[in-house]
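I have placed the structure first, in the form of structure tokens, so that the comments after it can refer back to it.
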Amino acid sequence: MTTFESTVHQIPYKQESVYNMLSDLSNIERVKDRIPADKVKDLVFDSDSISISTPMGEVKMNIVNREAPKEIKFETANSPLPFNFWIQILPVTETSSKMKLTIKAELNMFIKGMVQKPLQEGIEKIADALAMIPYE
């Protein structure tokens, strides 16, 4: 297994607020206009799944576990490269929290060489975007 982790991002909202928003993917509708249209193609979501077109093909992920208020785990339902993805949210103070994203994928050496940099950059961009969301 190859693991990709984002840097830890500080979020100026309490842990429960961040978890409540991210654990129901239909909340993406509230922030959809903040996502650059050229970065997202064919974004489809409901409360438990999200699907998006990428240069490598369609990727669909389902939430497979919610551990309130600290963790949300996803698994690919459709992807050219199957992987697991999770969001960890930990409290810092009564009014702030921190978040880290992790991807784990079974990659052979050839594929790893091709996708390592784009996956690391991608997880960091997702973490940056999630850190900027107003969670209340």
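The values are calculated or read from the model by the stated rules, or taken from the named source; none is laboratory data. Since we're looking at a predicted model, the values are computed, not measured. Neighbour counts are summed over all protein chains in view; Cβ atoms, including those assigned to glycine, are modelled from backbone coordinates with ideal geometry. Heads up: the accessible areas ignore ligands, DNA and RNA and are worked out on the full protein's heavy atoms, side chains in. Shrake-Rupley method; radii C 1.70, N 1.55, O 1.52, S 1.80 Å.
Taking the range 109-120 as the range and being under 13 Å from the mean Cα position of the chain (by Cα) and modelled with pLDDT under 90 as the test, only 119 passes. The set of residues in the range 90-136 that are over 28 Å from residue 68 (Cβ atoms), open to solvent by 70 Å² or more (accessible area, probe 1.4 Å), touching a strand residue (DSSP E or B) at 6+ places or on another chain (Cβ under 9 Å) and among the charged types (D, E, K, R) contains only 106. Counting only residues that are closer than 21 Å to residue 128 by Cα and surrounded by 14 or more Cβ atoms within 10 Å (Cβ to Cβ), which one in the range 34-59 is modelled with the lowest pLDDT? So, considering only residues that are closer than 21 Å to residue 128 by Cα and surrounded by 14 or more Cβ atoms within 10 Å (Cβ to Cβ), the one modelled with the lowest pLDDT is 54.
The single condition among (1) under 15 Å from the mean Cα position of the chain (by Cα); (2) under 19 Å from residue 2 (Cβ atoms) that residue 60 does not meet is (2). Residues in the range 79-86: is at least one at pLDDT below 95, more than 21 Å from residue 46 (Cα to Cα) and in contact with a His (Cβ under 9 Å, 6 or more places away or on another chain)? There is no residue in the range 79-86 that is at pLDDT below 95, more than 21 Å from residue 46 (Cα to Cα) and in contact with a His (Cβ under 9 Å, 6 or more places away or on another chain).
Of the residues examined, residue 16 is not one that is within 20 Å of residue 134 (Cβ to Cβ) and assigned to a loop (DSSP other than H, G, I, E, B). The condition of being modelled with pLDDT under 95, within 17 Å of residue 131 (Cβ to Cβ), open to solvent by less than 70 Å² (accessible area, probe 1.4 Å) and not polar (S, T, N, Q) does not hold for residue 11.
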